[in-house]
1. Would you mind stating whether A:ARG134 is surrounded by fewer than 17 Cβ atoms within 10 Å (Cβ to Cβ), in a helix (DSSP H, G or I) and not polar (S, T, N, Q)?
2. Please pick out the residue among A:TRP123, A:TRP205 that is modelled with pLDDT under 95 and among the aromatic types (Phe, Trp, Tyr).
3. Filter the stretch A:40-57 down to the residues that are within 12 Å of DNA strand D (Cβ to nearest atom), within 20 Å of the chain's Cα centre (by Cα) and free of Cβ contacts under 8 Å to residues at least 60 places away in the same chain and list them by number.
4. Would you check which residues across the stretch A:58-67 are more than 7 Å from DNA strand D (Cβ to nearest atom) and more than 19 Å from the chain's Cα centre (by Cα) and list them?
5. So, in the stretch B:115-126, exactly how many residues are more than 14 Å from chain A (Cβ to nearest Cβ) and not basic (Lys, Arg)?
6. Note down all Cβ pairs under 6 Å where the first residue falls in the stretch A:82-108 and is free of Cβ contacts under 8 Å to residues at least 24 places away in the same chain, the second is more than 16 Å from DNA strand C (Cβ to nearest atom), and they're at least six residues apart or on different chains.
7. Which pairs turn up if I take residues in the stretch B:67-78 that are in a helix (DSSP H, G or I) and look for partners that are more than 12 Å from DNA strand C (Cβ to nearest atom) with beta carbon separation below 8 Å, at least 6 apart in sequence or on another chain?
8. Just name the residue that is farthest from A:ASN139 (Cα to Cα) out of those in the stretch A:62-79 that are of a type in the set (D, E, K, R) and near DNA strand C (Cβ under 10 Å from one of its atoms).
Number of protein chains: 2
Amino acid sequence: MTEGVLPEEAGPAAEPAAGARRPRRADAAPAAGGPRPRRSDATRAAILRAARDRFATDGYDRATIRAIAADAQIDPSMVIRYYGSKEELFATAAEFDLRLPDLSDVPADRLGVVLVSYFFTRWEGDSSLPALLRTACTNPSGAERVREIFADQLGTAVARVVADPAQAPRRAGLVASQLLGVALTRYVLRLPPMVDIPPADLIDWLSPTIQRYLRAPAGTA
Amino acid sequence: MTEGVLPEEAGPAAEPAAGARRPRRADAAPAAGGPRPRRSDATRAAILRAARDRFATDGYDRATIRAIAADAQIDPSMVIRYYGSKEELFATAAEFDLRLPDLSDVPADRLGVVLVSYFFTRWEGDSSLPALLRTACTNPSGAERVREIFADQLGTAVARVVADPAQAPRRAGLVASQLLGVALTRYVLRLPPMVDIPPADLIDWLSPTIQRYLRAPAGTA
DNA sequence: AGCGGAAGTCAACAAGCGTTGGCATATCGT
DNA sequence: ACGATATGCCAACGCTTGTTGACTTCCGCT
């Protein structure tokens, strides 16, 4: 279900967490020029993929290391060896980029529809945001992660398109409340009416809301 | 933190779950006239209160029966004795009533502000909705409970005030997406901008959104 | 070829979980 | 006052969890 989502999906594989006891080799390899790919990269990637899937469908607590390892068809101990602990594995798995488009050359009156359309092309068929949401609801570091993502990524994107910079965080928060609300009801809770609405209709309904949160004059009631 | 919220808060105490092995006494008491209060009602209520608190802050998995029992200052086995199992305890604890006001005599152009204002007076200082949300994110029966609540309670309330009955579920879903989105970002994830906005400002921002979801003509973009 | 280290397997640990049954105490009907 | 019954505590069960260490297998290098 989880598809290519993360920056390093099939890349040179994620770095192991800081605390992980790793075979010492760092000084033997040339410092510059990038780390030579290791033989275990495929396994690392498989673990990460399985972890995202499990965290997505089960949440942090119910997603067991044993289940993740079984999905990746390796031993549970390998998960610890490569990622240090369950908490660090989650931190790595939950790392993601909204990859918001550059909104600065979008006409001001089309910001809503562009942002909403983008979020749907990003979310439909990609389970990583629901995954993060699911775990953020019960796991403190998951919640912290969501706060970071929306402060850093959505916050800065919104800051570039609002009229009054001082209003940016508030407007970004409102946008997040509606967009995460849709993600929650459609992908996590699966409220039937929200699941049934075609994306195109949803875009029509939501765009004016986001447009208003972004661009409406400050005192609008 | 959790305050008087549930219908039976200090009432004659919740009925134990069906499967719970209860001392057999039913035939000794008069069938009609209501069950005489039992001596253990205080304990039952304490368990339920502690359970709501724990489920609210920790979610289903992290909220352990032992912790709940410790909060209620009784033995873990009592929780099972009175509520049958953890799952049944949760089912009882998560039972709640939105207690939506009657919207049928509200002027059509004020539905948004009335509904939003009501939800804030209901949620601020009441942790039971965040509790439900937190558990619904990872627990299947929690999610089912939210679906029921919003289909039955919000769904029917909305159905009475929309123009075209066929559009009612969709409009209710949109309303839920925004209101639950606020609950999620403000109370569960605690995104700083959403936490900081005073309720009055939030009402000003959200009311037009809800108003539009409820009353805007069908094809509005 | 042979050695070093990485990759992977296996069994086990300590801790925590929900749940159970037995046993002591308190309360109430008679 | 006595027996019945409700109430509560204690200790333990079977199980699952994250995590660890020892052991074997495989690959790459000199």
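1. No, not satisfied.
2. After ruling out the rest, the residue left standing is A:TRP123.
3. A:ALA51, A:ARG54
4. Of everything in the stretch A:58-67, just one residue is more than 7 Å from DNA strand D (Cβ to nearest atom) and more than 19 Å from the chain's Cα centre (by Cα), namely A:ARG62.
5. Selection size over the stretch B:115-126: 6.
6. Within 6 Å, the pairs are A:PRO101/A:TYR118.
7. B:ILE68/B:ILE47; B:ILE68/B:ALA50; B:ALA69/B:ILE47; B:ALA69/B:ALA50; B:ASP71/B:ALA50; B:ASP71/B:ASP53; B:MET78/B:THR43; B:MET78/B:ILE47
8. Ranking the qualifying residues of the stretch A:62-79, first place goes to A:ASP75.
The values are calculated or read from the model by the stated rules, or taken from the named source; none is laboratory data. For clarity, every value in this text was computed on a predicted model and none was experimentally measured. Every residue, glycine among them, receives a Cβ derived from its backbone with ideal geometry; neighbour counts consider all protein chains shown.
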